[in-house]
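See below for the structure under consideration.
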Amino acid sequence: MDLRSSRLHPYETGDDILLYDDVVSHFDESQTYLSDESFVPVNEHFVPPEYIDGEFQERRTILADGAEQFGVTAVAFDNQEELLWMGNQGGHVTSYYSAELQKHTSFQVHATEDIRCLHTFENGVLALMPSALRCQMRRGIPIFTHSSENMVQMQCLLQLSPQTLLLGGHTHKLIEFDLNTYQEVNLLDASKNGCAILRQHNRFVCCGDPSGNIELRDPGSLRVEHSWDTHTGSLSDFDIHGNLLVTCGFSNRQGGLTVDRFLMVYDLRMMRAVSPIPLLLDPLLLRFMPSFSSRIAVASSLGQLQLVDTVTLSEPDLTVYQVNTGNSLSLALDVSTSCQALALGDSGGSIHLFTSQNNAIFNAFSRPTEFADPIEPFDSISITDSLAILSSVPLVYTSPPTTMLSDWPKKFLKNVCRPTPPIDPEILRTMKMQGTIGYAPNPNTKLRNQVPYIMNSRSTAQEQRKNEENSTTFAVIPKRYRKLDLKYSKSGLDDLDMDQYNKTPFSGLEATLPNSYCNAMIQVLYFLEPLRHVVLSHLCHSEFCLCCELAFLFRMLDVSRGQPCHAGNFLRALRNAHEASALGLILPDQNNPNLRKKTNLISLIQNWNRFILHQIHFELLEETKRREKENLKAPPFVYRDTDFPSIDLPRQKRKTRPDISETPVSSNIESKDEETEISRMFGTKQIHVHRCLKCQREVSKESSLLVCNLIYPENEVVRPVSFCEVLSQSLCPQQTTPAWCDQCERFQPTEQSRRIKSLPALLTVNCGMDNNQEKSFWQTQMDILVKNAAESSASPGGKPCRYGTACSRPGCRFKHPDQRTG
């Protein structure tokens, strides 16, 4: 029977990892721990006086994790770092740093099984359980967990090489395990009673079974070379060092097991037993002390510890150390490689550390141990400090979590996804399209995975407005007036049934052509009946006459009866007009989306409106002059000397009509001879007055204005301003500017003003609205209107009367402007 295999109830805890801070550099020795000068061994309280001056002193006794339920089943000193590892019956593993046993890491390995064996290697720690093998980093992070049908009641493990493990247990097989592939590579036959203890020698691999038989196997082939029956009852523990193999165990006496009070010693050179070593205690656990080739540490189940020598001395050391285990049994023993520390674990969950000196170390050359980052201290923050950085205060997590003061109820919360940031304009500008894929160099304006927390509120509002328009619950624009996305076939719109989109007799214009932004204004011109008659009656011989193409387009709209019309001829003539190109009315190529996005369509359509009226007026005027010239009969040619003056006479300057492509387009017509149907239909008769503020000289002239541009107040206006006031100020502006005065013969401050002589039948107005200042003006006026309406509805007088001051009904219950409240 193997007493080492007896186990208690499992330790059921969560699969969590606890990482402790480097308290070595933070604790106060004067308050928490004893300094080296005031070192008082623990065993002075219960060891007899004759043993106080012993070589080893009990330096620390601590309760391990889960000590209230489970005992310590395995202890192991780390061979690479200053750590002591512990495993208990609840499947929990904890490491302690240095001889002060300061907790380093703690983690759960298994929920129901106990830890049978612990072994440290270069990359971490191995924990063996009855049915699984677990590998963890020293920080507590799992590396792998291995289990198979061959792993049943596993008991011990041994590292044969940096990549090979040998696993043994109460089965008939030994498992050879590869640490690189995490797989079982070989199965070997063990003795009939299994394998409970594994030890390594430079010549053999020693396997001990519970019945007391020890097999010596070849390290290369793992074949059995020798075997010994060490004890007649059971094998408790054995260790090997140099040429000696020492065992302790039980013998069968009088029908029961009795502890052998001696150590069996075997010489590996002669392959035979030598004289046993008598003891003062009942041995259960033993370990060789590597620094002393002939010294062994032996522990009993009652917590007694004795150091014995394998060679015969004249005065043997009979010192026995008594460990304060209470009523607990000793279950685990290990010795550090430096032989300066011994660790003993008992079934009560305590770990007892014995050291031979105050500054004991576990290894002669240990590598530095990795600790958790220290908590950064922070200064106190005043509650009245409005500029304090609250994020610098660490958040304390409690278990179970508690409700914070800043937590809101779920009914007041709404999950909102962060909107996708727009693409950098520099990327769009430098992008080169290859089919449907665009390539652009990285502008390196942001770091990798960097997204701004606060994005443009305007773009977010536009996206929200777009989602509201597309939703079925709320629509800003009625469905019949929304823009439709038509699906074109291979032959264009010929095969498209337009009746499902347009059920009226009015025809539309195709919007897929370049420069089709002017389709809406073409429809406006078409439905102006006087203008339509003038355009349809026009006929000339010019190749790219906009008036002729517009007339042709109007005829198509007349006869289409609901079918869409193609404005390609008119748009081609528009592209060939030099004045349109000079004014920027021709949109760039559709294949370049960056240039199209930079185009301001609001100002573009207003410039087009001014241009088309002036162009029709000019083309009608040219055709009128051409006809008048043809109707004039030329007189017969008569030679006169006066018609050919001599060279000495002053040359007459010929007056030629200026080329319209070299002069800017103006909407003013200054001569009565240049009037056409367009000027009489759209022209506003104005009188320009220029008055010199120095000599008070006035100069006036008459002109005709085809298009009026609204002029908004430059300063912010907080009073209600009607549209009529803005229109009146735009038609009759007044400004002071330096100008040339013929009477003063110099530049003088001049007051320039315009007065309306007559208004046209059709008044054309460009409202601007292409900048934020003009938009904010109307927004302010709307806010004032809403505010006044709200105040009026809240007044005790009730709703205003629709007839106002002209109301003649007696006892009218509605509010009147001259009615006094109260």
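The values are calculated or read from the model by the stated rules, or taken from the named source; none is laboratory data. Being a predicted model, the structure only gives us computed values, none of them experimental. Quick reminder, even Gly has a Cβ in these numbers, built from the backbone with ideal geometry, and neighbours come from all protein chains shown. Heads up: the accessible areas ignore ligands, DNA and RNA and are worked out on the full protein's heavy atoms, side chains in. Shrake-Rupley method; radii C 1.70, N 1.55, O 1.52, S 1.80 Å.
The residue that is modelled with the lowest pLDDT, among those in region 574-624 that are closer than 24 Å to THR676 by Cα and among the β-branched types (Val, Ile, Thr), is THR624. Scanning region 407-430 for residues that are free of Cβ contacts under 8 Å to residues at least 40 places away in the same chain and in contact with a Gly (Cβ under 9 Å, 6 or more places away or on another chain) yields one hit, ILE427. Please work out if LEU329 is surrounded by 10 or more Cβ atoms within 10 Å (Cβ to Cβ) and closer than 21 Å to HIS241 by Cα. It is false that LEU329 is surrounded by 10 or more Cβ atoms within 10 Å (Cβ to Cβ) and closer than 21 Å to HIS241 by Cα. Residues considered: LYS799, LYS775, LYS757. Of these, the only one that is of a type in the set (Lys, Arg), out of contact with any strand residue (DSSP E or B) (no Cβ under 6 Å at 6 or more places or on another chain) and open to solvent by 100 Å² or more (accessible area, probe 1.4 Å) is LYS799. Sub-8 Å Cβ pairs linking a first residue in region 249-264 that is free of Cβ contacts under 8 Å to residues at least 60 places away in the same chain to a second residue that is acidic (Asp, Glu) and not in a strand (DSSP E or B), at least 6 apart or interchain, are GLY249/ASP260; SER251/ASP260; VAL259/ASP282; ARG261/ASP282, ordered by first then second residue. Quick check on region 359-370. Is at least one of its residues within 26 Å of the chain's Cα centre (by Cα) and loosely packed, with under 10 Cβ neighbours inside 10 Å? Scanning region 359-370, I find no residue that is within 26 Å of the chain's Cα centre (by Cα) and loosely packed, with under 10 Cβ neighbours inside 10 Å, so the answer is no. Do we have any residue at all in region 248-258 that's surrounded by 21 or more Cβ atoms within 10 Å (Cβ to Cβ), modelled with pLDDT under 95 and of a type in the set (Val, Ile, Thr)? No: zero hits.
Scanning region 284-339 for residues that are aliphatic (A, V, I, L, M), more than 60 Å from the chain's Cα centre (by Cα) and assigned to a loop (DSSP other than H, G, I, E, B) gives LEU302, VAL311, LEU313, LEU318.
The residue pairs whose first member lies in region 598-621 and is free of Cβ contacts under 8 Å to residues at least 24 places away in the same chain, whose second member is surrounded by fewer than 19 Cβ atoms within 10 Å (Cβ to Cβ), and whose beta carbons are closer than 8 Å, counting only pairs six or more residues apart or on different chains, are THR599/LEU587; THR599/PRO588. Only a single criterion out of (1) open to solvent by 10 Å² or more (accessible area, probe 1.4 Å); (2) of a type in the set (Gly, Ala, Ser); (3) touching a Cys at 6+ places or on another chain (Cβ under 8 Å) is not satisfied by ALA74, namely (1). Restricted to region 263-301, and to residues that are within 19 Å of TRP228 (Cα to Cα) and of a type in the set (Gly, Ala, Ser), which residue is least open to solvent (accessible area, probe 1.4 Å)? Once the filter is applied, the top-ranked residue is ALA273. The single condition among (1) modelled with pLDDT of 85 or more; (2) farther than 17 Å from PHE723 by Cβ that ILE784 does not satisfy is (2).
Annotation: of all residues in region 206-232 being under 57 Å from the mean Cα position of the chain (by Cα) and either more than 21 Å from LEU333 (Cα to Cα) or among the small types (Gly, Ala, Ser) (or both), the one that is surrounded by the most Cβ atoms within 10 Å (Cβ to Cβ) is LEU222. Kindly check whether there is at least one residue in region 356-373 that is at pLDDT 85 or above, out of contact with any Phe, Trp or Tyr (no Cβ under 6 Å at 6 or more places or on another chain) and assigned to a helix (DSSP H, G or I). Among the residues of region 356-373, not one is at pLDDT 85 or above, out of contact with any Phe, Trp or Tyr (no Cβ under 6 Å at 6 or more places or on another chain) and assigned to a helix (DSSP H, G or I), which makes the answer no. Here are some conditions: (1) open to solvent by 20 Å² or more (accessible area, probe 1.4 Å); (2) on the phi > 0 side of the Ramachandran plot. GLY194 meets all but one. Which one does it not meet? Every listed condition holds for GLY194 apart from (1). The number of residues in region 389-422 being at pLDDT 85 or above and surrounded by 10 or more Cβ atoms within 10 Å (Cβ to Cβ) comes to 0. Summed over region 697-726, the residues that are in contact with a strand residue (DSSP E or B) (Cβ under 8 Å, 6 or more places away or on another chain) and open to solvent by 30 Å² or more (accessible area, probe 1.4 Å) give a count of 7.
Residues in region 287-313 that are closer than 17 Å to ALA332 by Cβ, in contact (Cβ under 8 Å) with a residue 40 or more places away in the chain, touching a Ser or Thr at 6+ places or on another chain (Cβ under 8 Å) and of a type in the set (A, V, I, L, M, F, W, C): ILE296, ALA299.
Quick grid of which residues meet (1) at pLDDT below 95; (2) surrounded by 15 or more Cβ atoms within 10 Å (Cβ to Cβ):
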{"residue": "GLU100", "(1), (2)": "yes, yes"}
{"residue": "VAL125", "(1), (2)": "no, yes"}
{"residue": "ARG134", "(1), (2)": "no, yes"}
{"residue": "LEU160", "(1), (2)": "yes, yes"}
{"residue": "LEU187", "(1), (2)": "yes, no"}
{"residue": "PHE204", "(1), (2)": "yes, yes"}
